[in-house]
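The values are calculated or read from the model by the stated rules, or taken from the named source; none is laboratory data. Just so it is clear, the model here is predicted, and its values are computed rather than measured. FYI the Cβ positions are ideal-geometry reconstructions off the backbone, even for glycines, and counts take in every protein chain you see.
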Amino acid sequence: MPRCGLAGLEVNAVNNGVETVSMRRMSLYVLTAASMACLAITAYAQAPVAVPSPAVTPATSENARDVLSRVRPAVIQIRGFFGSNTAQAFHGSGFAVAADGVFMTNYHVVAQKVQYPDKYRLEYRTAEGKTGRITVLAIDVRHDLAVVRAAGLAPAPLKLEPVVPVKGDRAYSIGFPLDVGLTITEGVSNGRVEDSFDPRIHYSGAINGGMSGGPALNAAGEVIGVNVSGYIFTQLVAFLVPAEHAQALLDRALKQKPGAGSLRKDVLAQLRAHATDLLGALDGAMPTQVTAGYALPAKLAPFIDCIASGDPAPDQPVHIVRINCSAKAGLYVQQGLYGGNLKYSHFVLSTSKLDAWRFARQLSDGAFAFGEHGSRRHVGPFSCNNRIVGLKGFDAGVLVCVRGYRKFEGLYDFTVRVSSLNGSKRGFASHLDMFGLEFEAGLRFIKRYVDALEWKP
Amino acid sequence: MSAETVLIEVCGIHGRVQARERVTLTGDTRTFTIGRGAHADVTVDDAYAAAIHASVEVTPEGKVLVSDLGSVNGIVVSGKRHHGARNLELADGILKIGHTRLRVRTAHEALTPEKPDHIEPASIVRNPAFIATASGLVCVAQLAYAGWLGAPRDIAAAIVIVLTSALLAAGVWVAFWALLSRVMQWEWRWLRHAAILLGVTAVFISLHGLLELGWFVFSLPQWSTRAALVGAIAFACALYLHLNHASNISPRRAALVACIVPALAGGAGYWVMERERMRDVNHIDTSLRIYPPSLRLRSAGAAEDFFRDAAKLRPAADEKRKAMPGDDEPGEAGDDEV
């Protein structure tokens, strides 16, 4: 599922799956834009308006002005400050979900505060310009949600509507895009995203940076989801977290005792649970696809995107088919750090022109072991195991490298490279990269992946 | 008794003779004196020498005996300074008076045989021209092979580039040592230095290639510092041979220098690299080099064993993670993280 921070990678993958320098640059640009896009807006509501009670018949109006006037007092802008600065570092949106000033927003809006509690402070600003402190009560990294308390502010809460609207239903999104003031956008719900690992509602309407954490509403002014992300360079493809998850987090937040447990420990526990779920969803028989005589892991689950491409020119020394697959499962943890994801690619080489020696060199180059880029702020160096191993019907060079997360103990990145050694005219190099997973489960998956490789001439 | 001639040579830098004095010994007069004064038999222009500094006696058997005649600075024989010593034997013929090095040569000295300036057919294999040519061909073949292997599209251009740059680098290296030979030994010795460079390179390129091939052929474990170690040993060998041919230092001292220099340079380089690696979280230590499948001689290991070993990566990774230095990477402002 696309998230604010990952939108660029999605765009990258959609283009053709071949990573080039220029595309990398583009994805970086997109990330910057995307992180901006993850910010929220507050409503500058004037007169308080009656909040619809659950008893009110829904869909009394499809007018955006009506919807906005109803919910305006409940929407705030959440702003983050670095140190004692008065200029903001980031901003997002939030909305009231319970009495006593309990608000819902995105985890990624408050992530820096959760990870560096002493370095950041959070404040709200209402549409009237009233400001005050915000404290984080509970977080749900998996669904990118957070429950916060705003000091000295208690508007009537919005009602959460856990039933996902059907495709074609009118929907509205409210927030503070790019810090330009309270904004409502009108669009259409396209129901649940079917092949997403994390549950999302597909909203066809504009969601921009700063609207993150703001409410998405139906025509009756009930919250159907929380603004979470959109693609950059696409038109009106945006995503909401379904309200049922907001309700679940709210229930948990209201039940827990104040000051119970550490939020950072929660993050680690939730990352571990997500990692377990991710590999659990990939359990079972591993589907393969045969290319040039080699059975290679194919699309392993609906939430994995695969793209196969090649150069069609007929007279090349080596013909290369590239198969790139990536799971859309990465969780935003903090700036520059995503957890719980995996991707794999196969480079299948064949030649009719090169001799065995030069073909072997081409295969060596394809098998070259670049580690997936990580920051030493977050991970340690790799440790590797590199051997020639007999697999099903062929021998292969197998390289497995592991590095540990520094602040999330028990999570690891894995880099796997497998290259066939049996063909003088055909061969493949397979790359598997996994991020933020538990060691035992990760290694088990690698073993299944390697076991699935087979020579089927 | 017939007259006997003794040569007294004043040695300059790198053993060059700056002046030569001939002394004739007759009958019972087998002793002459050296000093700054005009009345010494051999006069040296040295402010640190006495007027009559030392006396030298050449025995009928050819032994050279030196005595200090009460000078302030004494005499230096075999690297040791002596004051007022009598009848010290000059084994190597070298005597230091003041700051002047003198060589005493008699008719009894052992001369090295005359060097032939043409190649003896029997020693053709040891001839530098032969070694340089043969190992040069091996090096060219290796480079051409590497160029051919890696460039399936334009082989000729790749090979020309590789050969030209290698030739240039080798030329600079050989010229440096030849110049040193010219200064220290009065001979250019181009061929000898070319033979050393090309011979050592040919041997060690082949060794490196064999080790790399061995991993593939016999499924040996990868050894990450292998290339660096082979390189360091090759450098040490070349340095030893070059020093022996280009300078006056003794073989033992040359061997010492040839061991210490690569060890220091290599050690420092390795230490810096290891430190960088500790900080580079994206570095992967091992890469695969694949050869044609027909070369494989030993069967591969079992996948079960591989994954049993892989389970040990966890403590290894944890150890490296804990050994990391603190949060010193630039953060958000200059952030290039994805």
* Structure fact -> Within region B:276-286, the residues that are out of contact with any Lys or Arg (no Cβ under 9 Å at 6 or more places or on another chain) and facing another protein chain (nearest Cβ under 7 Å) are B:Arg277, B:Thr286
* **Extreme residue, nearest to A:Val110 (Cα to Cα), among residues of region A:187-231 that are part of a loop (DSSP other than H, G, I, E, B) and touching an Asp or Glu at 6+ places or on another chain (Cβ under 7 Å)** => A:Gly210
* To do: Say whether the condition of being over 27 Å from the mean Cα position of the chain (by Cα), over 30 Å from B:Leu25 (Cβ atoms) and not assigned by TED's automatic domain parsing to the domain that holds B:Ser55 is met by at least one residue in region B:122-142.
  => yes
* To do: Select from region A:361-396 the residues that are modelled with pLDDT of 90 or more and over 26 Å from A:Tyr338 (Cβ atoms) and write down the one among them that is farthest from the other protein chains (Cβ to nearest Cβ).
  => A:Gly393
* Residue in region B:247-260 that is free of Cβ contacts under 8 Å to residues at least 24 places away in the same chain, closer than 30 Å to A:Val450 by Cβ and of a type in the set (Ser, Thr, Tyr) present -> no
* Selected residue (criterion: nearest to the other protein chains (Cβ to nearest Cβ)) from residues of region B:304-338 that are in a helix (DSSP H, G or I), modelled with pLDDT of 90 or more and surrounded by fewer than 16 Cβ atoms within 10 Å (Cβ to Cβ) -> B:Asp309
* For region A:382-416, how many residues are polar (S, T, N, Q) and within 28 Å of the chain's Cα centre (by Cα)? -> 2
* **Leading residue by the ranking (surrounded by the most Cβ atoms within 10 Å (Cβ to Cβ)) among those in region B:99-121 that are of a type in the set (A, V, I, L, M, F, W, C) and under 30 Å from B:Arg30 (Cα atoms)** => B:Leu102
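To keep it simple, each residue is scored yes or no on (1) under 19 Å from B:Ala236 (Cβ atoms); (2) in contact with a His (Cβ under 9 Å, 6 or more places away or on another chain).
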{"site": "B:Asn127", "(1), (2)": "no, no"}
{"site": "B:Thr133", "(1), (2)": "no, no"}
{"site": "B:Gly136", "(1), (2)": "no, no"}
{"site": "B:Gln142", "(1), (2)": "no, no"}
{"site": "B:Val160", "(1), (2)": "no, no"}
{"site": "B:Leu168", "(1), (2)": "no, no"}
{"site": "B:Ala178", "(1), (2)": "no, yes"}
{"site": "B:Leu191", "(1), (2)": "no, no"}
{"site": "B:Ile196", "(1), (2)": "yes, yes"}
* Asked: With A:Ile184, A:Ile174, A:Ile134 as the choices, which residue is in contact (Cβ under 8 Å) with a residue 12 or more places away in the chain, in a strand (DSSP E or B), in contact with an Asp or Glu (Cβ under 8 Å, 6 or more places away or on another chain) and not aromatic (Phe, Trp, Tyr)?
  -> A:Ile134
* To do: Report, ordered by the first and then the second residue, all pairs with beta carbons closer than 9 Å, sequence separation of six or more or different chains, a first member in region A:410-423 that is within 15 Å of A:Ala295 (Cβ to Cβ) and within 9 Å of chain B (Cβ to nearest Cβ), and a second member that is of a type in the set (S, T, N, Q) and buried (at least 24 other Cβ atoms within 10 Å of the Cβ).
  => A:Ser420/A:Ser430
* Candidates A:Val148, A:Val188, filtered to the one that is surrounded by fewer than 22 Cβ atoms within 10 Å (Cβ to Cβ), among the β-branched types (Val, Ile, Thr) and in contact with a strand residue (DSSP E or B) (Cβ under 6 Å, 6 or more places away or on another chain) -> A:Val188
* Scanning region B:220-274 for residues that are more than 19 Å from the chain's Cα centre (by Cα) and closer than 30 Å to B:Ser299 by Cα, which turns out nearest to the other protein chains (Cβ to nearest Cβ)? -> B:Gln222
* Asked: Does A:Ala238 satisfy the criteria of being surrounded by 21 or more Cβ atoms within 10 Å (Cβ to Cβ), touching a residue at least 40 places away in the same chain (Cβ under 8 Å) and farther than 19 Å from A:Pro157 by Cβ?
  -> yes
* **Filtered residues of region A:321-336 (kept if part of a strand (DSSP E or B) and either out of contact with any helix residue (DSSP H, G or I) (no Cβ under 9 Å at 6 or more places or on another chain) or at pLDDT 90 or above (or both))** => A:Val321, A:Arg322, A:Ile323, A:Asn324, A:Cys325, A:Ser326, A:Ala327
* Go through A:Leu331, A:Leu337 for me and flag whichever is crowded, with 22+ Cβ neighbours inside 10 Å, in contact with a strand residue (DSSP E or B) (Cβ under 7 Å, 6 or more places away or on another chain) and in contact (Cβ under 8 Å) with a residue 40 or more places away in the chain. => A:Leu331
* So A:Leu437, is it closer than 17 Å to B:Val281 by Cβ, more than 8 Å from chain B (Cβ to nearest Cβ) and of a type in the set (A, V, I, L, M, F, W, C) -> yes
* Structure fact -> Checking A:Arg448, A:Arg406 in turn, the sole residue that is surrounded by fewer than 21 Cβ atoms within 10 Å (Cβ to Cβ), in contact (Cβ under 8 Å) with a residue 60 or more places away in the chain and of a type outside the set (Gly, Ala, Ser) turns out to be A:Arg448
* Asked: Being within 23 Å of A:Ala273 (Cα to Cα), out of contact with any Phe, Trp or Tyr (no Cβ under 8 Å at 6 or more places or on another chain) and assigned to a loop (DSSP other than H, G, I, E, B), is that true of even one residue in region A:101-115?
  -> yes
* Asked: Just checking, which of A:Ala206, A:Ala243, A:Ala219 is out of contact with any Leu (no Cβ under 8 Å at 6 or more places or on another chain) and either surrounded by fewer than 24 Cβ atoms within 10 Å (Cβ to Cβ) or in the same structural domain as A:Tyr107 (by TED's automatic domain parsing) (or both)?
  -> A:Ala219
* Residues (surrounded by fewer than 20 Cβ atoms within 10 Å (Cβ to Cβ), out of contact with any Ser or Thr (no Cβ under 7 Å at 6 or more places or on another chain) and touching a residue at least 40 places away in the same chain (Cβ under 8 Å)) located in region B:49-97 -> B:Glu61, B:Ile94
